[in-house]
1. What percent does the relative contact order of chain B come to when contacts are Cα pairs within less than 8 Å and at least six residues apart?
2. Ignore the peptide's own chain and count Cβ atoms of other chains within 10 Å of each Cβ in B:27-35; give me the average, rounded.
3. In nm, what is the difference between 0.36 nm times the number of residues separating residue B:2 and residue B:69 and their Cα-Cα distance?
4. In a GNM of chain A with a 10 Å cut-off on Cα contacts, which of A:27, A:36, A:50 has the highest mean-square fluctuation?
5. Just to be sure I understand: with springs between alpha-carbon atoms less than 10 Å apart, which residue in B:41, B:54, B:68 has the highest mean-square fluctuation in the Gaussian network model of chain B?
6. Averaging the inverse of every distinct alpha carbon separation and then flipping it gives the Kirkwood radius. What is it for chain A, in angstrom units?
7. Which of these, B:46, B:83, B:21, has the largest mean-square fluctuation under a Gaussian network model of chain B (Cα springs below 10 Å)?
8. If you take the beta carbon distance between residue B:110 and residue A:39 as r and set R0 to 22 Å, what does 1/(1 + (r/R0)^6) give as a FRET efficiency, to the nearest 0.05?
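Nothing in this text is a laboratory measurement; each read-out follows from the coordinates by a stated rule. None of the values given here were measured: they were computed from a predicted structure. Glycine gets a Cβ as well: all are built from the backbone with ideal geometry, and neighbour counts include every protein chain shown.
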């Protein structure tokens with residue numbers, strides 16, 4: 001069975017500092033990987049996705065993520081955080097052969113200090 | 001282009017009642033998935049419909065059911081509500097096989 005682990009429940013960074021959110025997955029084959037962001041009381045917004053090809057993927061709002069097969073990781077990064085980035089971030093894995101059925105990590109809540 | 005629309009946004013029901021939630025996908029999308037989000041269990045997959053057929057199902061009791069209509073709109077129903085069913089229910093739509101999912105704002109269900 002597939003699973004996703006986000007080791008950090010909460011992260012606090014200063015505005016302007018760099019950010020890395022960790023994600024580790026367990027899946028028998030090459031998965032489809034996603035990062036979503038959720039503001040309080042809202043739905044999920046897709047930041048970026050990895051299906052195949054270049055292991056460094058660019059997303060919206062200046063985010064990027066790198067797929068490392070050897071480490072089963074798909075960490076999210078941003079070089080300079082803005083106060084508006086404060087939200088909850090979810091990593092998700094989807095099967096590559098069975099439709100749209102996502103398994104989510106527990107989420108990382110990001111707080112940004114002024 | 002309109003996004004995924006979920007109605008109603010908020011709902012309060014009494015234990016033992018049933019509830020129906022609605023989801024209108026993005027135009028042209030044929031896949032609709034449903035998720036339950038709670039503080040304790042996080043985001044959990046309920047089921048997915050594609051072209052009016054249930055394609056995938058998560059590990060939820062039979063009280064949770066859904067359907068999809070020919071215009072791709074979907075409904076989910078929860079019968080005999082329990083307090084633990086209080087959650088944010090999210091709907092997501094996608095074009096075809098294993099593509100990215102676009103989420104609606106969710107329906108906040110409170111069972112009292």
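1. Numbers: 289 pairs, mean separation 40.8, N = 112.
Computed over chain B, the figure is 36 percent.
2. Working: counts 0, 0, 1, 0, 3, 1, 5, 0, 5.
Partner Cβ neighbours, averaged per residue: 2.
3. Extra length available between residue B:2 and residue B:69 comes to 22.3 nm.
4. A:27
5. Largest GNM mean-square fluctuation: B:41.
6. Values: mean 1/r = 0.0706 Å⁻¹.
It is 14.2 Å.
7. B:83
8. Numbers: r = 20 Å, r/R0 = 0.92.
Once rounded, the FRET efficiency stands at 0.65.
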